[in-house]
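See below for the structure under consideration.
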């Protein structure tokens, strides 16, 4: 399983990308989809997920709709027009970050980069 410290900076991007690909989803479905896509290596806790969802909603990146399902209220999260733009920005940022990490990971001992 991937450490939560590594996940924190990427959580918004993960959520936004899932919603872009899958369309409107409720919180539980988002956690299950992330777990499924990562083979169980990333498990989102509700304590991490919902604050990010609420923040994205307050920023105008997501909107919510609700419905009753099995006598329980389900809240669905959907990207706004602004949200679709933010997804693209966040994906590019994450790709650049991953490439930078890859450069560090592939350092060879004893080589000078000065």
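Computed from the coordinates by the stated procedures, all read-outs in this text should not be read as laboratory data. For clarity, every value in this text was computed on a predicted model and none was experimentally measured. Here Cβ is always computed from backbone atoms with ideal geometry, including for glycine, and neighbour counts include all displayed protein chains.
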> Per the Kirkwood treatment, what hydrodynamic radius in Å, one decimal, follows for segment 1-74 from the mean inverse distance over all distinct Cα pairs?
Replying inline: 13.0 Å
> If we count other beta carbons within 10 Å of each Cβ, what is the order of 77, 69, 50, fewest first?
Replying inline: 69, 50, 77
>> Quick check: Cα centre of segment 2-64 to Cα centre of segment 66-109, how many Å?
In response: 7 Å
>> Test of understanding: in a Gaussian network model of the chain with alpha carbons linked when under 10 Å, which of 94, 37, 62 would top the mean-square fluctuation ranking?
In response: 37
> Mean residue ellipticity at 222 nm from the helices of the chain, using -39,500 (n - 2.57) per DSSP H segment of n ≥ 4 over the full residue count, to the nearest 500 deg cm²/dmol?
Replying inline: -18500 deg cm²/dmol
> Please state the relative contact order of segment 4-105 as a whole percent: Cα pairs under 8 Å, 6+ residues apart?
Replying inline: 30 percent
